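Before any comments, here is the structure.
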Amino acid sequence: MSNTSTTTTAPLSDAAAAFDVRPTDAPTPVEQREALLAAPKFGTVFTDHMARISWTAEGGWSDRRVEKYGPLQLDPAAAVLHYGQEVFEGLKAYRHADGSVWTFRPEKNAARFAASAHRLALPQLSTEDFLGSLEALVRTDLDWVPSGEEMSLYLRPFMYASEVFLGVRASQAVEYLVIASPTGPYFSKGVNPVSIWVAQDFHRAGAGGTGAAKCGGNYAASLLPQQEAADKGCDQVAFLDASTNTAFEELGGMNLFVVGADRTVSTPALTGSILEGVTRGSILELVTARGYDVQERTITLAEVRQGLEDGSIVELFACGTAAVLTPIGRLAGEGFDLTVGDGASGELTMSVRGELTDIQNGKRPDTHGWMYRLA
Ligand SMILES: *Cc1c(COP(=O)(O)O)cnc(C)c1O
C-alpha cells in the first residue's frame, strides 16, 4: 500500500482556518509511518498531532489549535477522574481513489456530541468547531490517512471535565480534543459472524439515565457484562431494557437489527436509553429504499428466540462506525443457545454492508449527500 500525499485542492474552510497549527518538532519518520500504516491495529497507533480547544465557564471556548500528539497533564483532583464527566464521538476519514479525503455524515456526530454534552452537563461545542477540528487535524496529518480496502483514519473527538475540584457539580473547565488512529479491517480474517450473549442480570442504561449519550460511563458499566459474555464463550454482549428485562436495546457499542423471512427489517425504537447510531439511521434509509418493510419497535427476546427456532427470523446483525455491519451467527443466554440461519453471514447484512462501505469509499455515487470532504 502506498500513501502518496495529496495535492489538496479543496479550499480550507473558515472553521478549520480558526485552528492555529503548531507542528510537532519530532514527526514520525516516513519509513516508520509507512510500516505502521501497512497493518494498523485498531486503536493502538496514533498520528503526530491532535486538535484541541479549551473551555472555561468565564471565557467560553478558546485557543483552537492543532498540536503535537502526547500525554495530557491532569491534576489528580481533575473532576473527570472522580465523577466521569466525559463524552466522545467516533468517525472515520476515508481516502478516495483520487486522493481526496472524506468523512461520513459528520453533522450527525456533531449534533450527537452536543446532545451527549448537554446530558453530562458539559458545554456544547458548535457544529462549526466540531467539523473545523476534524478538517484541521486531518489536513495536518494527511499522510496518515491510509488508502485501500477497509482502511481508514479513525477519528475520536472527546471532551472531559478538567477542573481541579472535588465538589460535585458541573466542571468550570473542560478540554476538547480530537485524536486520530489509522485502522485496517475491523475483522482481521475477513467479515465473520459473531456470537452474542444476552445479559439477563445487567443493564447498560435505564429510563432517564445516560443511555442515549455517548459517554465513557456507559462503557464502564458494560465491561463486566462483556467479560461475562466472554466467559460464556461469546464475542459480544446484548442488553435488554432495564424496566421489563424482556426487550432488546443494543450491544455495548453497537445497535442491533433483526431481518425477517417476510422482508421486514426491525431495530429497537429509540426509547431514550439507546444510543442513536449514525450507521443505524443510514441502514434504515438504505433498506427502506430497497423496499423492505422497516420497523422501529419493541423487539422482545422471546420473539427473537421463537423466530430463530421457527425460521421466521433469518438474519441478525449489529452495526456501528468501527465494524460497519457485523453479522451475528449465534445468540445465547441463560437457558438457550441458538444458531442464526445457518450460522453464516446473512445475505442482506453483507449486501447492505457492501453498499454502505462503497458509498464511504467513493466507489458508489453518494446519492444521499452523506459524504463530507475534509481534504
Ligand atoms: C457509538 C455507539 C453506537 C454506534 O453508533 P455509530 O454512530 O453508528 O457509530 C451504538 N451504540 C453505542 C452504545 C455507541 O456508543
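The values are calculated or read from the model by the stated rules, or taken from the named source; none is laboratory data. Computed from a prediction, not measured in an experiment: that's the story for all the values here. Ideal geometry is used to build each Cβ from the backbone, glycine not excepted, and the neighbour counts take in all protein chains shown. Ligands, DNA and RNA are excluded from the accessible area calculation, which covers all protein heavy atoms including side chains. Shrake-Rupley method; radii C 1.70, N 1.55, O 1.52, S 1.80 Å.
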Give the value in nm², to one decimal: projected area of the alpha carbon convex hull of the chain, averaged over all directions.
19.0
Solvent-accessible area per residue, Å², over the chain with all protein chains present [probe radius 1.4 Å]
43
D for segment 185-228, whole µm²/s, Stokes-Einstein with Kirkwood Rh over alpha-carbon pairs at 20 °C and 1.002 mPa s: what number?
170
Taking N as the residue count of segment 194-360, its alpha carbon Rg divided by 2.2 N^0.38 Å gives 0.96
Mind pulling the angle between the C-alpha long axis of helix 278-289 and the longest principal axis of the chain? Nearest 10 degrees, somewhere in 0 to 90.
50
Förster-model FRET efficiency, 41 Å R0, residue 309 and residue 97, C-beta, rounded to 0.05
0.35
Once you charge only the Cβ atoms, +1 for Lys and Arg and -1 for Asp and Glu, what is the size of the charge dipole of the chain about its Cα centre, to the nearest 20 debye?
380
Once you charge only the Cβ atoms, +1 for Lys and Arg and -1 for Asp and Glu, what is the size of the charge dipole of segment 14-185 about its Cα centre, to the nearest 20 debye?
440
Go through 223-232, 344-353 and give me the packing order, highest mean Cβ count within 10 Å leading.
344-353, 223-232
Rounding to the nearest 20 debye, state how big the charge dipole of segment 211-260 is about its Cα centre with +1 on each Lys and Arg Cβ and -1 on each Asp and Glu Cβ.
100
Along Cα→Cβ, 7 Å out, is where each label goes; now give me the distance between the ones at residue 61 and residue 9 in nm to one decimal.
3.1
Hey, how much of the P(r) for segment 14-185 falls beyond 27 Å, as a percent of Cα pairs?
26
Angle, helix 106-119 long axis vs. longest principal axis of the chain, Cα atoms, 0 to 90°, nearest 10?
90
Measure off, as a whole percent, the carbon and sulfur share of the 1.4 Å-probe accessible area of the chain, all protein chains present.
52
Hey, with R₀ at 41 Å, roughly what FRET efficiency would residue 201 and residue 342 work out to, going by the Cβ-Cβ distance, to 0.05?
0.85
Just grab the label-to-label distance for residue 231 and residue 350, each label 7 Å out from Cα along the Cβ direction, in nm (one decimal).
3.5
To the nearest 10 degrees, how steep is helix 347-360 against the longest Cα principal axis of the chain, on a 0 to 90 scale?
10
